[in-house]
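The structure appears right after this line, and notes come after that.
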Amino acid sequence: MTDLTREHRRQLPSKDDGTSYSFMIVDDSEFMVNNLKRILVSFGGRVLVAAADGLQAVVDYESMDPKPDIVTMDITMPKMGGIEAIKEILARNPAQKIVVVSAMGHKDIIRQAIVLGAKYFIVKPFVRDDIYRVVRKILDLKIGSEEEGDVA
Amino acid sequence: MKEHLLEPFADSTVNVLRRTLADETISRSAFESLNGPHVSHGMAVIIGISGTLQGHIIFDLDGKTATAMASVMNEETLSESDDIVHSTISELANMIVGHATSILSANGYRCDISPPTFVIGPQARVLAHRDAPHSAVAINTRCGTVTISIALIEDNSP
């Protein structure tokens, strides 16, 4: 299979209302924001906002209407860290889906994020497929035949 | 410095670079103790460690290697003066030290890491505490060589 074919197969479907799935990225690294943005857009996602710290994320989140389908959250950031920002965002919208994307693999941080309601964790460094699989899982989309095709 | 404190940094560097650069040719040297300061090749990211281990880790490379790595990771051709090169190399160092300290934490060492400090310019000298001289390892990749210098002491106070 060529890379182009493989790329084409990694696509998120449209939502029931015909729009594409939307994302908010929270990370203090310009590289990581660009990287996540490039990957999510390649799946057909829309990145609505990128915030460089937890405090900015909470401010931006409040003014967003509609809210993003998924928020990606770094843990170690200036002004307000990811754990605090998860608390603040879930206090405003308990149904918000949040995935922690962090290099810190400490078990206690993962446990803390899960207890707060961020049910998914992606450890940096990641590859495109890691993001694709977790996003589909969060959105409760079946991976489907394209993955079987990759294996074959 | 004890080998079990050094190896997680070399292993994490090899694993993270292999994944981020999609480079299976990566190889490493043995650790070598430095008698004097660490002397930078051009771009050095310093990350402080505190907790039951104290000191710092230096992720050091020349500008050409940094630009080549950042270009692969950003999927575009960059020049050394692009700010995104610094951001990419900082994040790379952060991921490597984050992984290594996770391994050390699992082995019973509590360690927190500081935000990265970037030192730009060749021949910059970084001194270690006299009780914790640097131990350095060279990691060879297709993009060039990265040196990891480690200066850590165990804090045995109650």
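Taking the criterion of being touching a strand residue (DSSP E or B) at 6+ places or on another chain (Cβ under 9 Å), closer than 21 Å to A:A103 by Cα and free of Cβ contacts under 8 Å to residues at least 24 places away in the same chain, the only residue of segment A:35-55 that qualifies is A:K37. Of all residues in segment A:17-36, none satisfies being within 29 Å of B:V85 (Cα to Cα), in contact with a Gly (Cβ under 7 Å, 6 or more places away or on another chain), outside any helix (DSSP H, G or I) and within 13 Å of chain B (Cβ to nearest Cβ).
Scanning segment A:104-122 for residues that are touching a His at 6+ places or on another chain (Cβ under 7 Å) and either free of Cβ contacts under 8 Å to residues at least 40 places away in the same chain or more than 14 Å from chain B (Cβ to nearest Cβ) (or both) turns up at least one hit. When B:T65 is tested against (1) touching a Cys at 6+ places or on another chain (Cβ under 7 Å); (2) more than 18 Å from B:R142 (Cα to Cα); (3) at pLDDT 95 or above, just one condition goes unmet, and that condition is (2).
Of the listed requirements (1) crowded, with 16+ Cβ neighbours inside 10 Å; (2) of a type in the set (D, E); (3) within 12 Å of another protein chain (Cβ to nearest Cβ), B:D83 misses just one: (1). The residue that is nearest to the other protein chains (Cβ to nearest Cβ), among those in segment B:90-106 that are within 14 Å of B:M43 (Cα to Cα) and in contact with a strand residue (DSSP E or B) (Cβ under 6 Å, 6 or more places away or on another chain), is B:S90. Taking segment B:102-129 as the range and being crowded, with 17+ Cβ neighbours inside 10 Å and under 12 Å from the mean Cα position of the chain (by Cα) as the test, only B:P116 passes. Go through the residues of segment B:55-69 one by one and say whether even a single one is crowded, with 18+ Cβ neighbours inside 10 Å and in contact with a Phe, Trp or Tyr (Cβ under 7 Å, 6 or more places away or on another chain). Scanning segment B:55-69, I find at least one residue that is crowded, with 18+ Cβ neighbours inside 10 Å and in contact with a Phe, Trp or Tyr (Cβ under 7 Å, 6 or more places away or on another chain), so the answer is yes. In segment A:41-75, what residues are within 14 Å of chain B (Cβ to nearest Cβ) and buried (at least 21 other Cβ atoms within 10 Å of the Cβ)? Listed by number, the residues that qualify are A:D74, A:I75. Across segment A:12-34, what is the total count of residues that are without any contact (Cβ under 8 Å) to a residue 60 or more places away in the chain and either of a type in the set (F, W, Y) or within 22 Å of B:N94 (Cβ to Cβ) (or both)? Residues in segment A:12-34 being without any contact (Cβ under 8 Å) to a residue 60 or more places away in the chain and either of a type in the set (F, W, Y) or within 22 Å of B:N94 (Cβ to Cβ) (or both): 10 in total.
The values are calculated or read from the model by the stated rules, or taken from the named source; none is laboratory data. Owing to the predicted nature of the structure, the values given are computational and were not obtained by experimental measurement. Cβ: placed from backbone, ideal geometry, glycine included. Neighbour counts: every protein chain shown.
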